[in-house]
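Trainee: Below is a structure I'd like to ask you about.
We did not get these values from a lab; they are worked out from the coordinates using the rules stated. Given the structure is predicted, the values throughout are model-derived calculations rather than measurements. Ideal geometry is used to build each Cβ from the backbone, glycine not excepted, and the neighbour counts take in all protein chains shown.
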There are 2 protein chains.
Amino acid sequence: MKSNQLKEVALNQFALHGYQGASLASIANEVGIKKQSIYAHFKSKEELFISTFNDSLDNELQFIKQFMEENHSVPLEEVLYNFLNEYLGRYQKDHNMSFFMRTSFFPPLEFEEQIKSGTNTFVNELESLFLLVFKIRKADLKPSIAPESAMMSFLTIFDGLLVELLYGFPDRLQKRLTSSWNIYWQGITE
Amino acid sequence: MKSNQLKEVALNQFALHGYQGASLASIANEVGIKKQSIYAHFKSKEELFISTFNDSLDNELQFIKQFMEENHSVPLEEVLYNFLNEYLGRYQKDHNMSFFMRTSFFPPLEFEEQIKSGTNTFVNELESLFLLVFKIRKADLKPSIAPESAMMSFLTIFDGLLVELLYGFPDRLQKRLTSSWNIYWQGITE
DNA sequence: GTCTATAGAATGATAGAC
DNA sequence: GTCTATCATTCTATAGAC
């Protein structure tokens with residue numbers, strides 16, 4: 001379907017140039033059609049953008065849910081460390097994370113409410129999934145560490161590594177991952 | 001000076017709408033002049049943007065350097081916790097952080113090299129200042145925690161809190177700050 | 001240093017033929 | 001569903017009067 005192809009190309013260009021920076025002409029060009037033909041699939045640039053964002057959100061949600069299913073019975077240390085590694089590893093493969101972060105961090109003001117709502121869906125899902133992870137494995141935590149606290153702290157580190165990912169220095173990212181993980185794990189267990 | 005006023009307004013609009021999303025007409029309008037008059041101060045939109053970014057970088061550097069001077073002889077726990085609180089508190093006061101983050105995280109591709117270089121100056125300065133903080137107070141750390149590791153982990157949490165700041169939910173930010181700090185401190189000391 | 005006038009290109013979008 | 005033709009608007013930028 002061509003509308004999927006359009007959304008795929010739009011995702012890339014919005015990720016690279018932002019909403020205002022990406023033009024319909026350029027998107028159409030990459031797909032191999034004229035910009036006017038886009039209107040046979042989407043009634044406006046806004047609709048294309050929102051539709052792309054919704055797909056992107058689904059994509060992110062689908063990843064974390066599938067990850068949780070696959071790591072259902074894995075020890076705490078592995079679940080957490082695998083998550084960081086696998087999530088960060090996705091960044092290179094396609095532009096979905098990049099687009100989602102850009103849009104969530106700095107939404108075009110016209111769509112602020114809609115985007116914030118989508119971002120919240122994602123963050124809430126992340127929080128409740130990891131809260132469950134920590135609750136189930138509560139025995140591994142120090143008695144003084146509440147599951148909610150362990151979850152919040154973990155997701156803060158996760159976000160911090162995303163920022164480092166954007167800066168684009170793999171060596172520094174690796175150091176931050178190793179150090180953060182090491183200290184975090186000592187903080188919640190030993 | 002009008003050019004400073006222009007940069008101030010440009011900073012705000014670039015922070016809110018991004019480089020492509022902010023127009024010279026809108027900036028000039030907020031200053032109270034015609035868009036053509038901007039060219040008496042800056043030879044292009046690019047120059048206005050770069051000049052604004054350089055000011056913004058100076059501003060961020062100046063803050064961290066001044067903070068370090070003021071917290072020169074403060075105990076480790078206070079230096080770190082104060083830094084998080086004071087830095088995060090700046091976000092509401094003006095748009096400098098917002099502009100700097102937006103530009104550093106997602107630079108317009110035309111200026112990618114220049115922006116990355118500026119961002120690196122900032123990150124390197126942050127890293128070396130905090131490395132010193134930890135080295136001087138090495139006695140407070142567990143023997144197994146290297147100062148560099150403590151610094152990297154701390155800055156990851158810092159970045160993670162910046163992301164939460166962008167999402168704009170103060171309650172959640174507070175929970176993340178408290179949990180992260182608590183676990184981090186246990187990880188490096190107890 | 002600010003203005004008017006204007007250029008030239010690009011933008012998102014519509015109408016209608018095929 | 002894609003095309004050509006076209007529109008109205010906006011954009012950055014320049015020239016020249018005051």
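Trainee: Output the residues belonging to the stretch B:14-44 that are near DNA strand D (Cβ under 8 Å from one of its atoms) and in contact with a His (Cβ under 9 Å, 6 or more places away or on another chain).
Mentor: B:Gln20, B:Ser23, B:Ser26
Trainee: Let me ask something else about it. Name every residue in the stretch A:114-166 that is more than 11 Å from chain B (Cβ to nearest Cβ) and small (Gly, Ala, Ser), in order of residue number.
Mentor: Scanning the stretch A:114-166 gives A:Ser117, A:Gly118, A:Ser128, A:Ala139.
Trainee: Let me ask something else about it. For B:Gln92, work out the one condition from (1) under 17 Å from B:Phe158 (Cα atoms); (2) touching a residue at least 60 places away in the same chain (Cβ under 8 Å) it doesn't fulfil.
Mentor: Every listed condition holds for B:Gln92 apart from (2).
Trainee: Quick one: in the stretch A:10-69, which of the residues that are more than 13 Å from DNA strand C (Cβ to nearest atom) and more than 20 Å from A:Ile115 (Cβ to Cβ) is surrounded by the most Cβ atoms within 10 Å (Cβ to Cβ)?
Mentor: Out of the qualifying residues, it is A:Val31.
Trainee: Mind telling me which of the residues A:Ser26, A:Ser56, A:Ser37, A:Ser44 ends up being of a type outside the set (Phe, Trp, Tyr) and touching a Ser or Thr at 6+ places or on another chain (Cβ under 9 Å)?
Mentor: A:Ser56
Trainee: For the condition under 17 Å from the mean Cα position of the chain (by Cα) and without any contact (Cβ under 8 Å) to a residue 60 or more places away in the chain, what is the one hit in A:Lys116, A:Lys142, A:Lys138, A:Lys175?
Mentor: Numbers: A:Lys142 fails: under 17 Å from the mean Cα position of the chain (by Cα); A:Lys138 fails: under 17 Å from the mean Cα position of the chain (by Cα); A:Lys175 fails: under 17 Å from the mean Cα position of the chain (by Cα).
Testing whether each residue is under 17 Å from the mean Cα position of the chain (by Cα) and without any contact (Cβ under 8 Å) to a residue 60 or more places away in the chain leaves just A:Lys116.
Trainee: Also, I was wondering about something else. So, of the residues in the stretch A:45-93 that are within 16 Å of DNA strand D (Cβ to nearest atom) and in contact with a helix residue (DSSP H, G or I) (Cβ under 9 Å, 6 or more places away or on another chain), which turns out to be farthest from A:Val9 (Cα to Cα)?
Mentor: Just the residues of the stretch A:45-93 that are within 16 Å of DNA strand D (Cβ to nearest atom), to begin with: A:45-48, A:51.
Filter again for in contact with a helix residue (DSSP H, G or I) (Cβ under 9 Å, 6 or more places away or on another chain), leaving A:45-46, A:48, A:51.
Values: A:Lys45: 13, A:Glu46: 15, A:Leu48: 11, A:Ser51: 13 Å.
Here the answer is A:Glu46.
Trainee: Is it true that some residue in the stretch B:162-174 is at positive phi, surrounded by fewer than 19 Cβ atoms within 10 Å (Cβ to Cβ) and out of contact with any Cys (no Cβ under 8 Å at 6 or more places or on another chain)? Steps first, answer last, please.
Mentor: Taking the stretch B:162-174 as the starting set, the residues that turn out to be at positive phi are B:168.
Still in the running and surrounded by fewer than 19 Cβ atoms within 10 Å (Cβ to Cβ): B:168.
After this cut, where a residue has to be out of contact with any Cys (no Cβ under 8 Å at 6 or more places or on another chain) as well, the list is B:168.
Yes, the stretch B:162-174 contains a residue that is at positive phi, surrounded by fewer than 19 Cβ atoms within 10 Å (Cβ to Cβ) and out of contact with any Cys (no Cβ under 8 Å at 6 or more places or on another chain).
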